[in-house]
Amino acid sequence: MAVTAPTIARLSGVHHHFDGAVVLSDVALQLGAGEVVAIVGPSGCGKTTLLRIVAGLISPARGDVTRPEREIGFVFQEPALLPWRRVEANARLLAASDDDGIVEQLLSVSGLTEHRRKWPYQLSGGMKMRLSLVRALAARPRMLLMDEPFGALDSITRNRLHDEFATLHKSRGFSALFVTHAIDEAVYLADRVLVMSEAPGRIVREFTVPFARPRTSALRYSPEFASLCGAIAESLHELAGGA
Amino acid sequence: MAARVAQLLKRSLPPLIVLGVVIAGWYALAYSLDNNFASGDGSALLVPPPHQLFVGLNDATLDRITQATWISLSTAFVGFLLAIAIGVTLGVAMSFSRSLESALWPWLIAIQVTPIIVLTPIIIRVVGASFGARLTVTVLIAFFPITSNTLFGVRSVSSGLHDVFTLARATRWQRLIRLQLPAASPTIFAGLRVSAGLAVIGAIVGDFFFTRGTPGLGRLITFFFQDTRSGPMFVTALIAAGIGLGFFLLVSLLRRLLVSPWDQP
């Protein structure tokens, strides 16, 4: 798992269990500065648990975790917005009080400026997810963790958010580690794709994504893109015991 | 504008129809009771029909009703505010500590299920026949729904929202003020609506036992009852009902201003 950029987070020998059931076994990974890494794997393999351990929301039963002390952003599966705060106030929740500029910029990039006075319940699912991403990025994180952030969205909205995420990543330069079930999403957004085994989860394969940035939607229809997606899908199929 | 008027009419009409039915029933009752008009001067002895409510309300009686209203209103209002302060504080404290919850909860239930009319004479013996005793009765009857709803609301905040605050390294105080209490506010307001009515009941029921000093609405209504002054008795009852309704509407207005804008299904 070679990482050329300086490492911002590192896990080694991480084990974890819930009520005696082992969910993670000897997990090791590194995240380089500015790198985007995707984790794919079967349901219940411990992807979310791994992400929460990286964030520091769970302490592993065993193993070493190195992460930034602060400056960690997290985008959850659910947007987790404060319903009693308007869009703008939600966006500012984690931002430094004197850091107005970034909130304005992020609202603008994510197309939420004109919705700033709305309550969260007035937003569509895609807008809520964008706001959740804006809130996380407004804290200027060095490391952004995302747990299936686009999983509940329709494909058009999802593809649009992929491009918005890529734009934000380019302008802000944070590192990102995200969990997804969608292989095409992993390949489109990430520099590396890590494949986890079934529970107890371990990282068993790594695919380097060779496509240059910025990536455009045309990439999704290229033979190389399909080939890499196919290789990752085959890998998952093998892990599931398929022929 | 026309649409708003139509909507207002649509909302107001059903309760107005019920009011009409109640008034009609009231007249029917007044004129069907034996001996109700046996005095011979046309005034009712038992149940005055609505148009006779204010017959016999002289200046002295009005003064007594005004003073009693002020005593009961101030008792209910201050008692309600104290019940909010105590109820929310207890709910938050118990949400922080399971030990405190298991220590206090059975006793709070015991207070809640003991009829307030049984506790009132004991409170007067302990505290004395003072404004403090009136407040104690009011607080005792009103605080529990606020406590239980605060505890439930604060505990029900989603784990996802807690994670956001954990990652932001929020202090316990920041988490309480910026997350738990706002998230619990719809539930707390549901408790406040119940407690608002209970505070008025506490202020008036507690008053039955105060045999000295200026009477509140509770004792005044017993005076009018004993003197068979039906008109003032009904007026006093209506004022008590109006205070209860006013408290309920005040809480509903506050909820509408503070919670309804964002608490949508």
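The values are calculated or read from the model by the stated rules, or taken from the named source; none is laboratory data. Please read these numbers as outputs of a predicted model, since none were measured by experiment. With ideal geometry, Cβ positions are generated from the backbone for all residues, glycine too; neighbour counts draw on all protein chains shown. Surface accessibility is based on the protein's heavy atoms, side chains included, excluding ligands, DNA and RNA. Shrake-Rupley method; radii C 1.70, N 1.55, O 1.52, S 1.80 Å.
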Quiz item: Checking A:LEU219 against (1) buried (at least 19 other Cβ atoms within 10 Å of the Cβ); (2) in contact (Cβ under 8 Å) with a residue 24 or more places away in the chain; (3) assigned by TED's automatic domain parsing to the domain that holds A:VAL27; (4) not polar (S, T, N, Q), which single condition isn't satisfied?
Solution: (1)
Quiz prompt | Residues that are within 19 Å of the chain's Cα centre (by Cα) and either small (Gly, Ala, Ser) or over 18 Å from B:ARG178 (Cβ atoms) (or both), drawn from the stretch A:77-93 | solution = A:GLN77, A:GLU78, A:ALA80, A:ALA91
Quiz prompt | Residue list for the stretch B:41-84, restricted to those being of a type in the set (A, V, I, L, M), surrounded by 13 or more Cβ atoms within 10 Å (Cβ to Cβ) and without any contact (Cβ under 8 Å) to a residue 24 or more places away in the chain | solution = B:LEU62, B:LEU81
Exercise. Taking A:MET146 as the residue in question, decide whether it is among the aliphatic types (A, V, I, L, M) and closer than 30 Å to A:ASP99 by Cβ.
Key: yes
Quiz item: Looking at this structure, is B:VAL200 closer than 23 Å to B:PHE248 by Cβ and buried (at least 18 other Cβ atoms within 10 Å of the Cβ)?
Solution: yes
Quiz item: With respect to A:ALA9, is the statement that it is open to solvent by less than 10 Å² (accessible area, probe 1.4 Å) and touching a Phe, Trp or Tyr at 6+ places or on another chain (Cβ under 6 Å) true?
Solution: no
Practice problem: Please enumerate the residues belonging to the stretch A:60-88 that are at negative phi and among the aliphatic types (A, V, I, L, M). | Solution: A:ALA61, A:VAL65, A:ILE72, A:VAL75, A:LEU81, A:LEU82, A:VAL87
Quiz prompt | Hits in the stretch B:1-59 (condition: farther than 23 Å from B:GLN226 by Cβ, under 29 Å from the mean Cα position of the chain (by Cα) and charged (D, E, K, R)) | solution = B:LYS10, B:ARG11
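Condition check ((1) more than 14 Å from A:VAL36 (Cβ to Cβ); (2) loosely packed, with under 15 Cβ neighbours inside 10 Å) across all residues:
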{"site": "A:GLU114", "(1), (2)": "yes, yes"}
{"site": "A:MET129", "(1), (2)": "yes, no"}
{"site": "A:VAL134", "(1), (2)": "yes, no"}
{"site": "A:ARG142", "(1), (2)": "no, no"}
{"site": "A:GLU148", "(1), (2)": "yes, no"}
{"site": "A:ASP154", "(1), (2)": "yes, yes"}
{"site": "A:ASP163", "(1), (2)": "no, no"}
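Would you check which residues across the stretch A:82-102 are in a loop (DSSP other than H, G, I, E, B) and among the charged types (D, E, K, R) and list them?
A:ARG85, A:ARG86, A:ASP98, A:ASP99
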Quiz item: Just one of A:ARG213, A:ARG192, A:ARG172, A:ARG202 is within 20 Å of A:THR48 (Cβ to Cβ), open to solvent by 40 Å² or more (accessible area, probe 1.4 Å) and among the basic types (Lys, Arg); which is it?
Solution: A:ARG202
Exercise. Report, ordered by the first and then the second residue, all pairs with beta carbons closer than 6 Å, sequence separation of six or more or different chains, a first member in the stretch B:163-184 that is more than 10 Å from chain A (Cβ to nearest Cβ) and in a helix (DSSP H, G or I), and a second member that is buried (at least 17 other Cβ atoms within 10 Å of the Cβ) and modelled with pLDDT of 90 or more.
Key: B:ARG175/B:PHE165; B:GLN180/B:VAL154; B:GLN180/B:VAL157; B:ALA184/B:GLY153; B:ALA184/B:VAL154
Quiz item: List, please: which pairs have Cβ atoms under 7 Å, are six or more places apart or on different chains, and start with a residue in the stretch B:237-248 that is without any contact (Cβ under 8 Å) to a residue 60 or more places away in the chain and end with one that is in a helix (DSSP H, G or I)?
Solution: B:ALA237/B:ILE221; B:GLY244/B:GLY197; B:GLY244/B:VAL200; B:PHE248/B:ARG193; B:PHE248/B:ALA196; B:PHE248/B:GLY197
Quiz item: Restricting the search to the stretch B:1-34, which residues are closer than 18 Å to B:VAL55 by Cα and either open to solvent by 100 Å² or more (accessible area, probe 1.4 Å) or in contact with a strand residue (DSSP E or B) (Cβ under 9 Å, 6 or more places away or on another chain) (or both)?
Solution: B:TYR31
Quiz item: In this structure, does A:VAL22 turn out to be closer than 27 Å to A:HIS237 by Cβ and in contact with a Pro (Cβ under 6 Å, 6 or more places away or on another chain)?
Solution: yes
Quiz item: touching a residue at least 60 places away in the same chain (Cβ under 8 Å), over 18 Å from the mean Cα position of the chain (by Cα) and away from chain A (no Cβ under 14 Å), is that true of B:VAL200?
Solution: no
Quiz item: Only one of (1) under 24 Å from the mean Cα position of the chain (by Cα); (2) over 30 Å from B:ASN149 (Cα atoms) is not met by B:SER72, so which one is it?
Solution: (2)
Quiz item: Would you say B:VAL113 is at pLDDT 95 or above and under 28 Å from B:PHE189 (Cβ atoms)?
Solution: no
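Considering only the stretch B:240-265, state which residues are open to solvent by less than 50 Å² (accessible area, probe 1.4 Å) and away from chain A (no Cβ under 14 Å).
Within the stretch B:240-265, B:ALA240, B:GLY242, B:ILE243, B:GLY244, B:GLY246, B:PHE247, B:VAL251, B:SER252 qualify.
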Quiz item: Only one of B:ARG125, B:ARG134 is open to solvent by 50 Å² or more (accessible area, probe 1.4 Å), over 18 Å from B:ASN149 (Cα atoms) and assigned to a helix (DSSP H, G or I); which?
Solution: B:ARG125
Quiz item: If you go through the stretch A:49-81 one residue at a time, how many are within 11 Å of another protein chain (Cβ to nearest Cβ), assigned to a loop (DSSP other than H, G, I, E, B), touching a residue at least 24 places away in the same chain (Cβ under 8 Å) and of a type outside the set (Asp, Glu)?
Solution: 6
Practice problem: Enumerate the strands (runs of 3 or more DSSP E) found wholly within the stretch A:103-206, keeping only those where 1 or more residues are closer than 28 Å to A:ARG67 by Cα and more than 14 Å from chain B (Cβ to nearest Cβ). | Solution: A:175-179, A:192-196
Quiz prompt | Some residue of the stretch A:89-97 being at pLDDT below 90 and more than 12 Å from chain B (Cβ to nearest Cβ) | solution = yes
Quiz item: Among the residues of the stretch A:16-39 satisfying the criterion of being touching a His at 6+ places or on another chain (Cβ under 7 Å) and open to solvent by less than 10 Å² (accessible area, probe 1.4 Å), which is modelled with the highest pLDDT?
Solution: A:VAL36
